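Bear in mind that the values in this text are calculations on the coordinates, not laboratory data. Since this is a predicted model, take the numbers as computed values, not measurements. Counting neighbours? That spans all protein chains shown, and the Cβs are built from the backbone with ideal geometry, glycine included.
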Amino acid sequence: MKSKAKKIGCVVVVAKIENLGDLYGVRRNYIEPADVRRIEVDDAIVDTETTGLGIPRNLLEQLGLRQSGKRTVRGTNGPVTETIFDAVRLTVQGRDCTMETTEIAANNPVSIGRIPLALLDFLVEPRTQKLIGAHGDQPLFDHFRCETQLTTNN
């Protein structure tokens with residue numbers, strides 16, 4: 001089912017989501033690549049007003065993800081506690097990142113917020129409401145040191 005996201009800052013994208021534990025299992029030769037639990041959704045919403053990666057319960061179950069904790073989040077109705085699940089590999093338009101997940105309501109599409117968007121090195125182009133590379137065609141990450149000078153009192 002396709003979502004009809006038209007609000008500013010929302011973009012609908014195809015997203016592949018893979019169980020990170022399964023991917024590690026492949027690396028260690030515990031499971032075959034064909035046995036990795038993965039899904040592809042064609043109606044994931046990139047929403048710049050949210051922070052993390054939200055996935056409905058039925059998809060969390062398909063991926064075999066387990067609860068790993070709880071976190072307080074701000075929502076439209078104030079602070080609420082959300083359940084955190086295992087990390088996944090998220091792939092959008094050929095770029096991937098690793099991200100913890102939170103459970104969202106069953107009737108919602110997958111929600112990709114600001115943190116995974118930054119990890120994927122994408123921006124939402126406001127005029128066309130499409131994803132564009134923040135640094136062109138290839139992801140680029142900034143690694144600048146915070147230089148601190150320590151002083152001593154004599």
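Backbone phi angles across region 35-43, fed through the Karplus curve with coefficients 6.51, -1.76 and 1.60 (θ = phi - 60°), yield HN-Hα couplings of 8, 5, 7, 8, 9, 10, 10, 9, 10 Hz in residue order; Gly and Pro are listed as x.
Taking the Cβ of each residue in Arg71, Arg27 as the centre, tally the other Cβ atoms inside 10 Å and list the residues starting with the fewest.
Details: Arg71 12, Arg27 9.
So the ranking, lowest neighbour count to highest, is Arg27, Arg71.
Evaluating 6.51 cos²θ - 1.76 cosθ + 1.60 at θ = phi - 60° for every residue in region 47-59, the Karplus couplings come out as 10, 6, 8, 10, 9, x, 10, x, 10, x, 3, 4, 6 Hz, glycine and proline recorded as x. Extension gain, Glu125 to Lys16: 0.36 nm times the residue separation minus the Cα-Cα distance gives 37.1 nm.
Could you rank the peptides 28-37, 80-89 by their average count of other C-beta atoms within 10 Å per residue, with the highest value first?
Values: 28-37: 11.3, 80-89: 16.6.
Order by mean packing, descending: 80-89, 28-37.
Relative contact order for region 14-133: 30 percent, from Cα pairs under 8 Å spaced at least 6 residues apart, divided by residue count.
Global size of region 14-133: 14.5, 47 Å for Rg and Dmax (C-alpha atoms, Rg to one decimal, Dmax whole). Within a Cβ distance under 15 Å of Arg28, other residues only, what is the Lys/Arg minus Asp/Glu net charge? Net charge in that neighbourhood comes out at -2.
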